[in-house]
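Values in this text are rule-based calculations from the coordinates and carry no lab data. Just so you know, these numbers come straight off a predicted model, no measurement behind them. Quick reminder, even Gly has a Cβ in these numbers, built from the backbone with ideal geometry, and neighbours come from all protein chains shown.
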Amino acid sequence: RSSPQLQQLNISGCSTITDVALREVGMCCSKLQSLNISSCSEIDGTGLTAVAESCRQLLKLDISKCHKIANWSIQKIFYYCSVLEEVNVSHLNKISDEEIRTLAQNCPNLIALHAAECPYISDTSIQTIAQCCRDLDLLDVSRTEMQYRISDVSLLALGQSSRSLRTLRLSGCDVVTDVGLNWLTEGCKVVEELDLSRCTKITDAGLRVIGTHCHALVSIDISHAKSVTDVGISSLSVGCPVLRHVKFHGVFMLSDPRLSAPKKGAKLEAWQA
């Protein structure tokens, strides 16, 4: 109550914080622009409702690992806080396409969505985000469960609409194929970071289209893409002149990777096997 001008609040990891405290924040700090309650395990959503109703200037929200938060309260904050630009809902294993649709339709200025380990988010969410949030810069839908829910359909939607996308993390989305990468890279030409680890259907053909279209690529993770060979790495090193970081744990068909980079190609500094 003594800080009505408060604009940023980070109480992440405070396991004793409850909705009572968060409700006070909502009622007293209407100018709040950034809220991080990550890993606040006792918050269930009623306090978040107070924030949604009062803090209409909220730009950044991190509710990752708040496992008790109810979907209805997430819906409410996405509905009322329409100027949100960065949202982290990672490790919320109940959040679904319905909540992401509300976010996309009400927050057109969204530039970053962190949604790792959200198994019920599917292609439907990505399509809606791509259509409604045209300035999207970062998307993380990495997962270890229900990998089949993110497919080439998502990559097509991003390639068609998300021309500003610079960071895409698809770790574990193992039904994504070279076809999807082609659709993605034909439209998303300013991508700088790609995480394709555990995308086991990716082959040299996929790396070839990345090398053809993504000349701004700085970092790529192809760990456990078991069909990748020196041919694919060569395509990256020729086509991506600013490429600096490559991870390839569990890729067994490569020779010494530094030898597969042509002299006129990328200056690869951080190979990690």
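Given a Förster distance of 25 angstrom, what is the FRET efficiency for V231 paired with N93, based on the Cβ-Cβ distance and rounded to 0.05?
Plugging the Cβ-Cβ distance into 1/(1 + (r/R0)^6) gives 0.05.
Work out the length of the dipole vector of the chain about its Cα centre, built from +1 on the beta-carbon of each Lys and Arg and -1 on the beta-carbon of each Asp and Glu, and round it to the nearest 20 debye.
Rounded to the nearest 20 debye, it is 460 debye.
Just one of [x] 13.6; [y] 16.7; [z] 20.3 is mean projected area of the Cα convex hull in nm² calculated from these coordinates, so which is it?
Identified label for the calculated read-out: [x].
Quick one: divide the alpha-carbon radius of gyration of region 130-212 by 2.2 N^0.38 Å and tell me what you get.
0.97
Based on a Kirkwood Rh over C-alpha pairs, give the Stokes-Einstein translational diffusion coefficient of region 39-123 at 25 °C and viscosity 0.890 mPa s in µm²/s.
D, rounded to a whole number, is 197 µm²/s.
Can you give the FRET efficiency to the nearest 0.05 for Q105 and N10, using r as the Cβ-Cβ distance and R₀ = 41 Å?
Given R0 = 41 Å and the Cβ-Cβ separation, E is 0.90.
How large is the helix-only mean residue ellipticity at 222 nm for the chain, computed as the sum of -39500 (n - 2.57) over DSSP H runs with n ≥ 4, divided by its residue count, in deg cm²/dmol to the nearest 500?
Only helices count here, giving -9500 deg cm²/dmol.
First measure r as the distance between the Cβ atoms of D135 and E193, then evaluate 1/(1 + (r/R0)^6) with R0 = 22 Å and state the FRET efficiency to the nearest 0.05.
0.80
Among K226/K247; K94/K226; K68/K94; K60/K189; K65/K247, which pairs are too far apart, with a Cα-Cα distance over 20 Å?
Violating the 20 Å limit, Cα to Cα: K94/K226; K60/K189; K65/K247.
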